[in-house]
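Peer 1: Mind having a look at this structure? Questions to follow.
The values are calculated or read from the model by the stated rules, or taken from the named source; none is laboratory data. Only a predicted model underlies this, so the values are computations on that prediction, with no experimental measurement involved. Virtual Cβ from ideal backbone geometry, glycine too; neighbours counted across all protein chains shown.
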Amino acid sequence: MRILGNFDVAEEVVQDSLVTALERWPQQGIPDNPGAWLMTTARRRAIDILRRDRRYAEKLVLLERSTVEGDRAEADDRLRLIFTCCHPALPQDGQVALTLRAVAGFTTPEIAAAFLVSEVTMAQRIVRAKRKIVAANIPYRVPEGAELPARLEAVLAVLYLMFNEGYLSRGSQAAMRRDLAEDALWLVTLLDRLLPNQPEVLGLMALMQLHLARSAARFDAAGEMILLPQQNRALWDREAIAAGVRTLDSAALLRRPGPYQVQAAIAAVHAEARSWEATDWEQIVLLYNTLLRISDSPVVRLNRAIAVSHVAGPEAALGEVNDLAMILGEYHLLHSTRAELLDELGEHELARKARLRALELCQNPAERALLERKLAQLP
Amino acid sequence: MKYVMLFVGTREDQDAWDSQPKEQYQAAMAAAGKWFGDYTKAGKVIGGEQLQGKVTTVRRENGEKVITDGPFIETKEVIGGFALVEAKDLDEAHEIAKAWPGGPVEIWPAVEER
């Protein structure tokens, strides 16, 4: 766009070059400088497609190994594209859609399916965002100096939203939907290569790695969601956990703590515990206290309350959760958390009511199934 | 590219602004004046005015032009002033708006001449 001056054209070129590559590579082989491709949409899509063809297994290895240094200009272009897609002048749902479309190479139907909205709605969302980029002259550039922290935060928020959407929707519907969580991890890894030594980028990357390391244990054979306490920890990917912890360590070395790093630290405490009971809950409460100091929010307080229940008992935790009822009354996890605590206190009828309320408010199919299962099981 | 910046606020903001102690009011006006002066010198601000909150609307009703008191859309917001800004892109417009010493600024990109 820096060169072309038009978002649509730039995006088309990326898509076209991808198609060209996919047609050409099987005949002519991987280009001398596949590093350039690493930074394009083409890489991700190419890997998806190459994976389906065994003959390209060797080429795949070559692709995976290529590095950014190969083409700095290409890398800069990619980074500019990310910041443009996540520009705060665009509505956040537009930022997410545009990032998936232009940076991760999703098709509009894929994005629509990932967010459970119609293709028409999603197409409009994307068109509206693109039009604003052109009409308001949103520049194609990487923010500098004092601008960078806030702009980077916006990019990370988009990637985190994308990750959560994918992470919570795995399981029964996963086959139908492209894996947003994996793509979000790929994008944050890409961001770290393009913009190295940003502690919060590393923090978010660690957080995603640590969550994804538990993937295999999160759903049963029928695709039903299994929550952390009931998960079979033998299924956790130890190597992925170690990688997540290493990423977090490299973030910590930069000595600028932030909310993603702290959340990753909490995920690491869970990942390193032998069992739910053996979890270092005091450490987790301390980390939540730190998180509240950096970014206080009702949702963080709710999560902290769950940790508190393990240190100070369900009654103390229930008090904290009830204090949040006014602000988080429409949030299904408030009610399902209340239900869990009420069950622990033997208040099964109240727990049931809370769970029904949670079910009313919850949109996510996997979470709904879990609530329904609990409602059926409990007295 | 041209952007129109609207200096907006609530009626309460406007009242608070108008009823400031004299010295404070003068200092605030001076700060706003300095913003206009600096960016005009830099070629960024190419027009603008402070507005009085005494609005009338002319509109068409059944083919007739009707004059009514107040803004067209019933609103709690008031526009205290505007500036016409020439900036290279939206980010530059944002930087200029961030330097405005007053309240919120809406940035409206103008339609480009073709």
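Peer 1: Looking at A:ALA123, A:ALA114, which is the one that is of a type outside the set (Asp, Glu) and within 19 Å of the chain's Cα centre (by Cα)?
Peer 2: Details: A:ALA123 fails: within 19 Å of the chain's Cα centre (by Cα).
After ruling out the rest, the residue left standing is A:ALA114.
Peer 1: Here is a follow-up. Check every one of the helices (runs of 4 or more DSSP H) wholly within the stretch A:89-158 and list those with 1 or more residues that are at pLDDT 90 or above and under 25 Å from A:TYR260 (Cβ atoms). So that I can check it myself, show each step before the final result.
Peer 2: Details: elements: A:92-98, A:108-114, A:119-135.
Where helices (runs of 4 or more DSSP H) fall fully within the stretch A:89-158 and carry at least 1 residues being at pLDDT 90 or above and under 25 Å from A:TYR260 (Cβ atoms), they are A:92-98, A:119-135.
Peer 1: Tell me, which residue of the stretch A:114-135 that is surrounded by fewer than 20 Cβ atoms within 10 Å (Cβ to Cβ) and of a type in the set (Gly, Ala, Ser) is nearest to the other protein chains (Cβ to nearest Cβ)?
Peer 2: Filtering the stretch A:114-135 for residues that are surrounded by fewer than 20 Cβ atoms within 10 Å (Cβ to Cβ) and of a type in the set (Gly, Ala, Ser), the one nearest to the other protein chains (Cβ to nearest Cβ) comes out as A:ALA135.
Peer 1: Can you go through B:THR40, B:THR56 and tell me which one is within 28 Å of A:ALA136 (Cα to Cα) and polar (S, T, N, Q)?
Peer 2: Exactly one of B:THR40, B:THR56 is within 28 Å of A:ALA136 (Cα to Cα) and polar (S, T, N, Q), namely B:THR40.
Peer 1: Would you mind finding the one in A:ASP237, A:ASP220 that is surrounded by fewer than 19 Cβ atoms within 10 Å (Cβ to Cβ), modelled with pLDDT under 90 and either more than 18 Å from A:ASN164 (Cβ to Cβ) or out of contact with any His (no Cβ under 6 Å at 6 or more places or on another chain) (or both)?
Peer 2: Details: A:ASP237 fails: modelled with pLDDT under 90.
A:ASP220 is the lone residue from the list that is surrounded by fewer than 19 Cβ atoms within 10 Å (Cβ to Cβ), modelled with pLDDT under 90 and either more than 18 Å from A:ASN164 (Cβ to Cβ) or out of contact with any His (no Cβ under 6 Å at 6 or more places or on another chain) (or both).
Peer 1: Residue check: is B:PHE82 within 16 Å of the chain's Cα centre (by Cα), aromatic (Phe, Trp, Tyr) and farther than 22 Å from A:GLU147 by Cβ? Talk me through it step by step, then tell me what you get.
Peer 2: Values: within 16 Å of the chain's Cα centre (by Cα): yes; aromatic (Phe, Trp, Tyr): yes; farther than 22 Å from A:GLU147 by Cβ: yes.
In short, yes.
Peer 1: Here's another thing I want to ask about it. Just checking, which of B:ILE67, B:ILE46, B:ILE73, B:ILE96 is of a type in the set (A, V, I, L, M), in contact (Cβ under 8 Å) with a residue 40 or more places away in the chain and surrounded by fewer than 13 Cβ atoms within 10 Å (Cβ to Cβ)?
Peer 2: Residue meeting the stated conditions: B:ILE46.
Peer 1: Got a sec? Which strands (runs of 3 or more DSSP E) wholly within chain B have at least 3 residues that are away from chain A (no Cβ under 14 Å)?
Peer 2: Hits in chain B: B:2-10, B:45-50, B:56-61, B:64-69, B:77-86.
Peer 1: Same structure again: Go through A:VAL269, A:VAL308 for me and flag whichever is among the aliphatic types (A, V, I, L, M), surrounded by 15 or more Cβ atoms within 10 Å (Cβ to Cβ) and under 14 Å from A:GLU320 (Cβ atoms).
Peer 2: A:VAL308 is the lone residue from the list that is among the aliphatic types (A, V, I, L, M), surrounded by 15 or more Cβ atoms within 10 Å (Cβ to Cβ) and under 14 Å from A:GLU320 (Cβ atoms).
Peer 1: Would you please list the contacts, defined by Cβ atoms under 7 Å and residues six or more apart or on different chains, that run from a residue in the stretch A:149-160 that is touching a residue at least 60 places away in the same chain (Cβ under 8 Å) to a residue that is among the charged types (D, E, K, R)?
Peer 2: A:LEU156/A:GLU200
Peer 1: Quickly run through the stretch A:261-308 and pick out the residues that are over 21 Å from A:GLY203 (Cβ atoms) and in contact (Cβ under 8 Å) with a residue 40 or more places away in the chain.
Peer 2: A:ARG274, A:SER275, A:TRP276
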